[in-house]
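A short worksheet on the structure shown next.
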Amino acid sequence: AIAAEHVVTIGKVATATQPYGPFPRPRHRVTPEGMYCRNDIARLLRIPDPTVLAWERRGYLPLPDVTTSSGRRLWKTTTVDTWVSGAGLATCPTCGARVRDVLRHQVKHQERGALPPGHPPRRRGGA
């Protein structure tokens, strides 16, 4: 807030106020309205953030609409919604996650004990 109010960088404010600190930086970055960050996509799909990162690296996600000066990649909500509707993701009947391969995903449930032992992973839909 101080940096924006005085039109200086956060680094300059941090340096100038260092003798009076420490002043911890906020841990949570706010994503602009109408945009998704990688964590938002993970929450939307009910999958772990590292999975979204892997999909991004493999080119499975759409290209980000914006890359901030710090390298943070952001997608418009409409971009993600359009991608989700056409990506062929299946919904896990156990947890509701949107996944590329339900059978493989449900094996993870078995490994974690979320499905009864010996319960075969189920295929659902066209996945």
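Under a plain spin-label model, where a point goes 7 Å from the Cα along Cα-to-Cβ, how far apart in nm are residue 82 and residue 46?
Label-label distance for residue 82 and residue 46, simple model: 2.7 nm.
Using C-alpha positions alone, give me the convex hull volume of the range 31-77 per residue in cubic angstrom.
Values: hull volume 3.4 nm³, N = 47.
Here the figure is 73 Å³ per residue.
Could you list the trypsin sites (Lys or Arg not before Pro) in the range 44-100 that lie in coil according to DSSP, counting only those with at most 15 other Cβ atoms within 10 Å of their Cβ? Could you put the intermediate results ahead of the total?
Numbers: sites: 46, 57, 58, 72, 73, 76, 98, 100; in loops: 46, 58, 72, 100.
Loop-located and lightly packed - 46, 58, 72, 100.
What does the extension gain come out to for residue 18 and residue 31, with contour length at 0.36 nm per residue minus their alpha carbon separation? Please report the intermediate quantities before stating the final value.
Details: separation 13, 0.36 × 13 = 4.68 nm, distance 2.71 nm.
Here the answer is 2.0 nm.
At residue 53 and residue 95, where each label point lies 7 Å from the Cα along Cα→Cβ, what is the point-to-point distance in nanometres?
Taking the simple label geometry, residue 53 and residue 95 are separated by 1.7 nm.
Suppose the chain between residue 66 and residue 5 were pulled fully straight at 0.36 nm per residue; how much longer would it get relative to their current alpha carbon spacing?
Numbers: separation 61, 0.36 × 61 = 21.96 nm, distance 2.43 nm.
Taking 0.36 nm per residue and subtracting the Cα distance, the gain is 19.5 nm.
None of the figures in this text is laboratory data; all of them are computed from the coordinates on show. What you see is a predicted model; the values in this text were computed from it and never measured. For neighbour counting, all protein chains shown are included, and Cβ atoms are generated from backbone atoms with ideal geometry for every residue, glycine included.
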